[in-house]
Amino acid sequence: MDMQLDGRLALVSGSTAGIGYAIAEGLAREGARVIVNGRTQGAVDKAIADIRATTGREALGFAGDLGKADVAQALTRAHPGIEILVNNLGIFEPQAFEDIADEEWLRFFDINVLSGVRLARLCLPAMKQADWGRIVFISSESGVQIPSEMIHYGMTKTAQIAVSRGLAESLAGTGITVNSVLPGPTRSRGVGDFVETLAKADGKTFAEFEKEFFEKVRPTSLIKRFATPAEVASMVVYLCSPLSSATTGAALRVDGGVVKSAF
């Protein structure tokens, strides 16, 4: 299927690994001019080289922490006219509620929510002028089923869904769509490393830990396994395309059926 993305300028925040990289690779494969973002130049350069190797396409790059306002402003000055914005930048960390200090609540909100709000605000003028644009917030099923082991993370994922819907409402009648995507447990780099560490600590293989995880921690999963970043990226690439023009204001799940609801 032709996603009609040839030449579209797309930014994927936090895209040197995991879900973000898979989205950037998917967009590049469809012909978009993708801006790869990571904190270090080395990570950005490696991701660009990997995209070139797997897709035969060139990608752009911007190294910097997009959780900071001045860095976000520098990026949009360096790459004006962004047509597709995928807010993937985010952090997670299991922590008992009683141990989460005020500073941590603010840090999680600033990185997971405000970074995307700021980038959307910076990219919207050009999108409005063109009367076309795509904004996608990478939320999580944790925004619907708040995990007791990281409530602060779940709070930010719920906030992303709210921002996405509200922004879509504010853009009614335009050619700009705004949606959120809710991955379930996904074997991204961070999650994969975390699970591998836990598995080794328990003297188990990854497969053994995965089986037990979906029996005890996420028993409502219908696929009974971690999703792959590429499976999440497929949904996001479609939402970024002109083909998705009737889909806006939606919270779309790629959660393997973890959320026990048909709606």
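Every number in this text was worked out from the coordinates using simple rules, so none of it is lab data. All values reported here derive from a predicted model rather than from experimental measurement. Backbone-built Cβ (ideal geometry, glycine too); neighbour counts: all protein chains shown.
So the values come out like this:
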read-out	value
MRE, 222 nm, helices only [DSSP H, n ≥ 4, -39500 (n - 2.57), over the chain, to nearest 500]	-14000 deg cm²/dmol
0 to 90° range, to nearest 10: angle between helix 151-170 axis and the chain longest Cα axis	30 degrees
In order through region 213-228: 3J(HN,Hα) via Karplus (6.51 cos²θ - 1.76 cosθ + 1.60), integer Hz, x for Gly, Pro	4, 7, 7, 10, 9, 10, x, 7, 4, 8, 9, 6, 6, 6, 6, 9
Net lengthening on full extension, M1/E215 (0.36 nm per residue, minus Cα-Cα)	73.4 nm
Straight-distance crosslink candidates among lysines, where the alpha carbon sits under 20 Å from K157 and sequence neighbours closer than 8 are dropped	K68, K260
Computed magnitude of the charge dipole of region 187-226 (debye, nearest 20; Cβ of K, R +1, Cβ of D, E -1)	160 debye
q = 0.12, 0.17 Å⁻¹: log10 I(q)/I(0) that the Debye formula gives for the chain, counting C-alpha atoms only	-0.70, -1.40
Filtered GluC sites (Glu not before Pro), region 106-169: DSSP coil and at most 16 other beta carbons within 10 Å	E149
Lys, Arg +1 and Asp, Glu -1 on Cβ, resulting dipole of region 2-70 about Cα centre, debye, nearest 20	80 debye
Amide proton proximity set for L252, modelled H, under 5 Å, gap of 5+	S180, V181, L182
Computed E for D99/K68 - FRET, C-beta separation, R0 35 angstrom, nearest 0.05	0.85
Pair A130, D193: separation of 7 Å Cα→Cβ label points (nm)	3.4 nm
Among I111, N87, I135 - extreme Cα towards positive end, dipole of region 24-137, charges at beta-carbon	I135
Estimated vicinal HN-Hα couplings, Hz - region 179-189 in sequence order (Karplus 6.51, -1.76, 1.60; Gly, Pro = x)	9, 10, 10, 10, x, x, x, 10, 7, 7, 4
Sequence ranges 59-66, 34-41, ranked by mean other-Cβ count within 10 angstrom, highest first	34-41, 59-66
Centre separation in Å (Cα based) which lies between region 99-129 and region 15-30	21 Å
Amide proton proximity set for V34, modelled H, under 5 Å, gap of 5+	A10, L60
Cα-projected label distance for T174 with H79, points at 7 Å along beta-carbon direction, nm	2.0 nm
Charge dipole (debye, nearest 20) of the chain; +1 at Cβ of Lys and Arg, -1 at Cβ of Asp and Glu	560 debye
With eigenvalues of the C-alpha gyration tensor scaled by 5 and rooted, region 187-226, Å	17, 12, 7
Contact order relative to length of the chain, as percent, for alpha carbon pairs under 8 angstrom and 6 or more apart	20 percent
Centre separation in Å (Cα based) which lies between region 136-171 and region 45-63	29 Å
Rg(Cα)/(2.2 N^0.38 Å) for region 1-115, N = residue count	1.15
Stretchable slack from T247 to K200, in nm (0.36 nm times residue separation minus alpha-carbon distance)	12.7 nm
Under 5 Å, built H, 5+ apart or other chain: amide partners of I176	G133
Using θ = phi - 60° and Karplus 6.51 cos²θ - 1.76 cosθ + 1.60, couplings along region 92-108 (whole Hz; Gly, Pro as x)	8, 6, x, 7, 5, 3, 5, 9, 8, 6, 3, 4, 6, 4, 5, 5, 5
